[in-house]
Amino acid sequence: MEKSGNATHLRCDDCGSEFDLRQIVSLCPKCGGLLEVCYDLEGLKKSSHLFSEYVRDSIWRYRDFFPRVQDKNIVSLGEGGTPLVKSVSLGPSLGLDNLYFKNDTLMPTGSFKDRGYSLAISYAKELGVTRGVTYSSGNAGASFSAYSVRGNFPGLVMVDSQASATKKSMIMLYGMNATVLNASNFGQIEALIEKSVTELGCYPFVNFVNPIRHEAMKTFAYEIYSELKRMPDYSFHCVGTGGGLWGTWKGYNELAQMGIADRVPRMAAVQPECVNWLERAIESGADAIAPYGDGTKTIAQSINGNSPLQGGKRLLKAVRDSGGMALSVSDEEIKAAMLDLGHEGIAAEPSSASTVAALKKKAKEGLIRSDDLVVCIITGTALKQPKVVEQIASTPKFEIKADIGELRELLGKLGY
């Protein structure tokens, strides 16, 4: 097999078959299982110096930890290198000394999806792929659109009918071809994507079906460790398909395998209560996840899928192997967490704020210790769902004329 930088081959989760990285493939050609990129650990160690200091740079600083992409094929908008912000309000109120927010609301299209699409589209260009297709609840579609147009890569976005009008418009803003997709569950979407590959010859960009996208999510782990100079005790992630959680978990494990870190964090996976299929599976000890719930019953549009991809086995593994937990939160708890993040200076969409809502519950239950180092991944901006912001944030209480006397009186009322 041809080596691709430090990446050596693709391996099927289910049957263990191995495939050349330069083969244009999505699911395992032998059994239909998910494919994972494997690496030469000794080769990765040669680039371990990258973690000795934190440099705020794009994900491509860590290109030695991706399948190889030639410079001419890299499509980048400066994704990655987002702030890791220590809590000044919520943490102290909960008695937590080391609570941090990884603020990916500041990514080029306003969400963490940009990490994955920069790498996935770049690698598709490297392979000579000529047509791509993806499904999105909104954020992924905007990212796919922006990076595809930037890289002159032809593709189609199928956006969920429940996505906000703003998210649909953002996809169109970048000039991408898109269609609204009506489906009653993720299983139907999964089947459609697979048929688009086998019957229409499309190359898929859906998490996990595309074996490259989640590799870029390893950069969460790289950036967090490099800046903190230690591993978190807990890493909180909102979960839709789970590419962010799985990729970050893989990155943490690489750091441990290279001997850079001496342990890995506990992974906390968060979903809305109405579609908490991961929590139900963890609590029941299931080996695979069954569909559950109604995603139209939550404001957390980005994580409202009622079933996982291929039984969610990767998510079960990440949570269980890390000694982590699967959690669920209500819409009211999400709204409160959005306001908490607002008081930290971070405007997060409902799905992103779910991580903070879950953290609050566990901290109040005493599960999180005061000295635990906790990172909540904040995946997308509140500007993607402006109507929710209008619902939870009050309008100004006061109104004055352009008169210095009225201004003086108001300042007095406010105690300034």
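Please determine whether any residue of the stretch 376-389 is closer than 23 Å to G242 by Cβ and in contact with a Cys (Cβ under 7 Å, 6 or more places away or on another chain). There is at least one residue in the stretch 376-389 that is closer than 23 Å to G242 by Cβ and in contact with a Cys (Cβ under 7 Å, 6 or more places away or on another chain). Looking only at residues of the stretch 47-60 that are crowded, with 18+ Cβ neighbours inside 10 Å and out of contact with any Lys or Arg (no Cβ under 7 Å at 6 or more places or on another chain), we find that the one that is nearest to R22 (Cα to Cα) is W60.
Scoring V37 on the criteria (1) farther than 24 Å from K125 by Cα; (2) in contact (Cβ under 8 Å) with a residue 24 or more places away in the chain leaves a single failure, condition (1). When R314, R320, R369 are checked against the criterion of being among the charged types (D, E, K, R) and in a loop (DSSP other than H, G, I, E, B), a single residue qualifies: R369.
Of everything in the stretch 161-198 that's of a type in the set (D, E, K, R) and over 22 Å from S26 (Cα atoms), which residue is surrounded by the most Cβ atoms within 10 Å (Cβ to Cβ)? Applying the filter and picking the extreme gives K167. Return yes or no: is E344 on the phi < 0 side of the Ramachandran plot, of a type in the set (D, E) and in contact with a Ser or Thr (Cβ under 9 Å, 6 or more places away or on another chain)? Criteria met by E344. If the condition is being over 20 Å from S145 (Cβ atoms) and either surrounded by 11 or more Cβ atoms within 10 Å (Cβ to Cβ) or acidic (D, E) (or both), then the stretch 199-209 contributes E199, F208. Looking only at residues in the stretch 217-242 that are of a type in the set (A, V, I, L, M, F, W, C) and touching a Phe, Trp or Tyr at 6+ places or on another chain (Cβ under 7 Å), the one that is surrounded by the fewest Cβ atoms within 10 Å (Cβ to Cβ) is M231. Is it the case that the stretch 40-50 has a residue that's in contact (Cβ under 8 Å) with a residue 24 or more places away in the chain, closer than 17 Å to G251 by Cα, of a type in the set (D, E, K, R) and in contact with a strand residue (DSSP E or B) (Cβ under 8 Å, 6 or more places away or on another chain)? Yes - at least one qualifying residue is present in the stretch 40-50. Contact map, the stretch 113-133: residues that are in contact (Cβ under 8 Å) with a residue 40 or more places away in the chain and surrounded by fewer than 24 Cβ atoms within 10 Å (Cβ to Cβ) paired with residues that are among the aromatic types (F, W, Y) and part of a loop (DSSP other than H, G, I, E, B), Cβ distance under 6 Å, separation 6+ or inter-chain. Pairs shown: G132/F205.
Conditions tested, residue by residue: (1) at pLDDT below 95; (2) among the hydroxyl-bearing types (S, T, Y); (3) on the phi > 0 side of the Ramachandran plot.
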| site | (1), (2), (3) |
| --- | --- |
| S307 | yes, yes, no |
| A348 | no, no, no |
| K384 | yes, no, no |
| L411 | no, no, no |
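For the stretch 69-109, the set of residues classified as in a loop (DSSP other than H, G, I, E, B) and of a type in the set (D, E) consists of E79, D97, listed by residue number. Would you be able to say whether some residue in the stretch 325-333 is under 28 Å from L228 (Cα atoms), in contact with a strand residue (DSSP E or B) (Cβ under 9 Å, 6 or more places away or on another chain), in a loop (DSSP other than H, G, I, E, B) and modelled with pLDDT of 95 or more? No, the stretch 325-333 contains no residue that is under 28 Å from L228 (Cα atoms), in contact with a strand residue (DSSP E or B) (Cβ under 9 Å, 6 or more places away or on another chain), in a loop (DSSP other than H, G, I, E, B) and modelled with pLDDT of 95 or more.
Checking each residue in the stretch 110-123 for being basic (K, R) and not in a helix (DSSP H, G or I) picks out no residue at all. Looking at this structure, is L41 farther than 20 Å from L245 by Cβ, among the aliphatic types (A, V, I, L, M) and more than 21 Å from the chain's Cα centre (by Cα)? Answer is yes for this residue. Filtering the stretch 260-297 down to residues that are in contact (Cβ under 8 Å) with a residue 40 or more places away in the chain and part of a loop (DSSP other than H, G, I, E, B), which residue is nearest to F112 (Cα to Cα)? The selected residue is P265.
To keep it simple, each residue is scored yes or no on (1) more than 19 Å from the chain's Cα centre (by Cα); (2) farther than 21 Å from K360 by Cα.
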site	(1), (2)
E279	no, no
E283	yes, no
T296	yes, yes
S302	no, no
P308	no, yes
K313	no, yes
K317	no, yes
D321	yes, yes
S330	yes, no
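Considering only the stretch 187-209, how many residues are of a type in the set (S, T, Y) and either in contact with an Asp or Glu (Cβ under 7 Å, 6 or more places away or on another chain) or in a helix (DSSP H, G or I) (or both)? Going through the stretch 187-209 one residue at a time, the tally reaches 2.
If I filter the stretch 79-106 down to residues being charged (D, E, K, R) and surrounded by 17 or more Cβ atoms within 10 Å (Cβ to Cβ), which single residue comes out as nearest to E227 (Cα to Cα)? If we take residues in the stretch 79-106 being charged (D, E, K, R) and surrounded by 17 or more Cβ atoms within 10 Å (Cβ to Cβ), then K102 is nearest to E227 (Cα to Cα).
Residue count for the stretch 171-185 under the criterion of being closer than 12 Å to S137 by Cα and hydrophobic (A, V, I, L, M, F, W, C): the result is 4.
The values are calculated or read from the model by the stated rules, or taken from the named source; none is laboratory data. None of the values given here were measured: they were computed from a predicted structure. Methodologically, a virtual Cβ is constructed for each residue, glycine included, from the backbone with ideal geometry; neighbour enumeration extends over all protein chains shown.
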